[in-house]
């Protein structure tokens, strides 16, 4: 695939390459990728970029020979292969060539050229995606998901509590997508072209996640002194006390990544950690124990032996459990009866969701229904509101019948 694209885009200096040379190039791709980058190879990358910036005729051909596979791999990951991938690849190459390879002027040789190109290509394709969103957001959504899904899931893993399960993480991902789709994608379409589209989207995602965390943990309150301090101090307190992050600069730097407007330096974290320790106790809040928990050692000392409680429910507990089971069955019956009046798509969505043993990702539900993924998110939002209304009405009817 890459060879075909390369033959379309090659310049006059590249036209003399024969088929044997192309085959040799592709055969050696895997081995060349596995080789570590040495100071001499980084120097040669810097020299190559300098030659391109200087306008040397053969430098562009050497660049594509050397970095073509890297660029193609980046494009496939973000845009997919096939005709769309080829068009995206050519778009990236054209954007790199613009203004005398101006986008490569920031390369200083300290990092690998492949790493630098991955960031540049991502920004190029992000800008392209932003333009498509402004023109036809519904058509661009599937590409948006492919482009940003791994980043959003990574943000969720960083920001949500570490002890939540995979189902809660999946719910958080779908909540983020719902917020991004909300009001005809207004959060995404609010991008005004300033700065990187990728950076803008991830900032929006971070803010959505902060709102979700605040919503799901309403009883957590910062101490007054910490609440009056800087955002970095508050983030450090939350990471250490609420999430159990060790008071280690490197570990805190990892935990704080992506939570603030910019990632703090190690020195800033150290200073903030000292400030917070001076105004609040930096100890992990232990989980509250049940009121009836008693030390086994204390039981032995007081009574000389152990008297274990019978785990079987009391007659009163049995009555309560039976009542709870009857109430649950009645609620399910009420939901089934009310569902008969739902539109077909909402009824089908509920059938798929309730028939699954484990929570299904939206893309799997979309495949089963034959619907776009964004429509599945809308169905989830509508059916949630509907279920809440059914539950409220059920409670009212139960109260009236008592």
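The values are calculated or read from the model by the stated rules, or taken from the named source; none is laboratory data. From a predicted model like this one, the values you see are computed outputs, not experimental measurements. Neighbour counts are summed over all protein chains in view; Cβ atoms, including those assigned to glycine, are modelled from backbone coordinates with ideal geometry.
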Inset, instruction - Please specify each residue of the stretch 337-391 satisfying the condition of being over 20 Å from residue 167 (Cα atoms) and not in a helix (DSSP H, G or I). - result: 340, 341, 342, 343, 370, 371, 372
Inset, instruction - Find the helices (runs of 4 or more DSSP H) located wholly in the stretch 36-114 whose residues include 3 or more that are within 26 Å of residue 141 (Cα to Cα), and list them. - result: 59-79, 82-101
Inset, instruction - Please tell me if residue 128 is outside the structural domain of residue 54 (by TED's automatic domain parsing) and surrounded by 14 or more Cβ atoms within 10 Å (Cβ to Cβ). - result: no
Inset, instruction - Could you please let me know if residue 156 is touching a residue at least 60 places away in the same chain (Cβ under 8 Å) and surrounded by 19 or more Cβ atoms within 10 Å (Cβ to Cβ)? - result: no
